[in-house]
Amino acid sequence: KIQAGQRSKALMHSADIPATILDYLNVSIPENYFGQSFKSMIHDTSKPGRDYIVGKATQMRSEDDMMGRKIEAYWVRRDKWFYKWNLTDDVTALYNIQSDPKCNTNVADEYPELLKEFHQVALEFKG
């Protein structure tokens, strides 16, 4: 049902994959499920994906504990931007992943309006 070689630059969350599969199977996607179907976008790659991808982190790598340490953190992705907000460590950062794919340079101070926008999206996700 999917034409080979389809390409899109639309943002998609990993939670969208099960929702898309359910849609192809004509099975209702649970109302409270975070993912959304991308079936229509697969058939018309010019359609937009998500405006943002938002997530939550509850563990972080740690040299002190091979299982990692517990944290409360949120992240937002849009276009070339990646925002992270770690409440546990009181760290906020913004990266241009197009020019800095390894997220080595925090540019949050250079883009206060973007920082405010992403923070609001993270707050809404946090609830």
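The values are calculated or read from the model by the stated rules, or taken from the named source; none is laboratory data. All values derive from a computational prediction rather than experimental measurement. When we count neighbours, we look across all protein chains shown, and the Cβ atoms used for this are built from the backbone with ideal geometry, even at glycine. SASA here: full protein model, heavy atoms, side chains in, ligands and nucleic acids out. Shrake-Rupley method; radii C 1.70, N 1.55, O 1.52, S 1.80 Å.
Would you mind computing Rg(Cα) / (2.2 N^0.38 Å) for the stretch 16-55, counting N as its residues? Mind showing how you got there, number by number?
On the way: Rg = 10.5 Å, N = 40, 2.2 N^0.38 = 8.9 Å.
The value comes to 1.17.
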### Task
Only Cα pairs under 8 Å and at least 6 apart count here; give the relative contact order of the chain as a rounded whole percent.
16 percent
### Task
Using the structure shown, list the pairs from 80/116; 47/102; 80/102; 9/126; 47/80; 39/102 with a Cα-Cα distance above 24 Å, or answer none.
47/102; 9/126; 39/102
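If you take the beta carbon distance between residue 6 and residue 99 as r and set R0 to 25 Å, what does 1/(1 + (r/R0)^6) give as a FRET efficiency, to the nearest 0.05? Walk me through the intermediate numbers first.
Values: r = 28 Å, r/R0 = 1.10.
So the FRET efficiency works out to roughly 0.35.
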### Query
What are the ³J(HN,Hα) values, in whole Hz, obtained from phi via the Karplus relation 6.51 cos²θ - 1.76 cosθ + 1.60 with θ = phi - 60°, for each residue of the stretch 15-29 in sequence order, with x given for Gly and Pro?
5, 6, 5, x, 5, 5, 4, 4, 4, 4, 7, 6, 9, 4, 7
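How large is Rg over Rh for the chain, taking Rg from the Cα atoms and Rh as the Kirkwood inverse mean of 1/r across Cα pairs?
Details: Rg = 17.1 Å, Rh = 16.6 Å.
Here Rg/Rh amounts to 1.03.
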### Query
Given the stretch 58-127 reduced to its alpha-carbon atoms as identical point scatterers, what log10 I(q)/I(0) does the Debye formula return at q = 0.27 Å⁻¹?
-1.22
## Note on the structure
Residues whose built amide H sits under 5 Å from the amide H of residue 11, excluding neighbours closer than 5 in sequence, are 49, 50
### Query
Over what distance in Å are the Cα centres of the stretch 10-66 and the stretch 92-127 separated?
21 Å
### Task
Tabulate in residue order the Karplus-calculated ³J(HN,Hα) for the stretch 72-87, using 6.51 cos²θ - 1.76 cosθ + 1.60 with θ = phi - 60°, rounded to whole Hz; enter x for Gly and Pro.
10, 8, 9, 9, 9, 10, 8, 6, 8, 10, 10, 10, 10, 9, 9, 5
### Summary
Between the modelled labels at residue 91 and residue 43 (7 Å from Cα along Cα→Cβ) the distance in nm is 4.5 nm
### Task
Mind pulling the angle between the C-alpha long axis of helix 112-126 and the longest principal axis of the chain? Nearest 10 degrees, somewhere in 0 to 90.
70 degrees
## Note on the structure
Per residue, accessible area of the chain with a 1.4 Å probe, heavy atoms of protein chains only, in Å², comes to 71 Å²
### Message
Can you work out the Karplus-derived ³J(HN,Hα) for every residue in the stretch 42-56? Use 6.51 cos²θ - 1.76 cosθ + 1.60 with θ = phi - 60°, whole Hz, and x for glycine or proline.
### Response
5, 7, 9, 5, 7, 5, x, x, 6, 6, 9, 10, 10, x, 10
## Note on the structure
Amide H proximity to residue 88 below 5 Å, modelled H, separation 5+ or other chain, gives 72
